[in-house]
Amino acid sequence: PGGMIDIEFIAQYLVLRDGHKDPRIVFWSDNWRQLDELERAGSVTAQQKAQLIENYRKYRGWAHERGLQNEAALTPDTMFQPERAEVTALWNTMVLS
């Protein structure tokens, strides 16, 4: 819970939920630019967007490093605990509310 896939799901959920607000929301296929457009449309705050993107960047960076070393990108439960808690809180606010 609270990992990279949850961030991707949050972005996709919000795109589907709020895509009718502005055609630019559905224009991009990557999460980063989708979150930019969702912020512009008022679906997420600047702080929420920044938290999601920063955590996504951390997760992707770690996964890329592991991939370059030909190692599995599955993280142990002890890694990224603050990030996971933050994403889970955003999930609860954005998806479950």
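Charged side chains reduced to their Cβ positions (Lys and Arg at +1, Asp and Glu at -1) give the chain a dipole of some 180 debye around its Cα centre.
With respect to the chain, whose longest principal axis is taken over its alpha-carbon atoms, helix 31-40 is tilted by about 30°.
When only Cα pairs below 8 angstrom with a gap of at least 6 residues are kept, the chain shows a relative contact order of 39 percent. Here r is the Cβ-Cβ distance between LYS21 and ALA63 and R0 is 30 Å; the resulting FRET efficiency, rounded to 0.05, is 0.40. Across all C-alpha atoms in segment 1-74, the radius of gyration and Dmax reach 13.5, 43 Å. Principal-axis analysis of the Cα atoms of the chain puts helix 46-68 at an angle of about 30° to the longest axis.
Bear in mind that the values in this text are calculations on the coordinates, not laboratory data. Just so it is clear, the structure is predicted and the values come from calculations on it, not from any experiment. Reconstructed Cβ throughout: ideal geometry from the backbone, glycine too, with neighbour counts over all protein chains shown.
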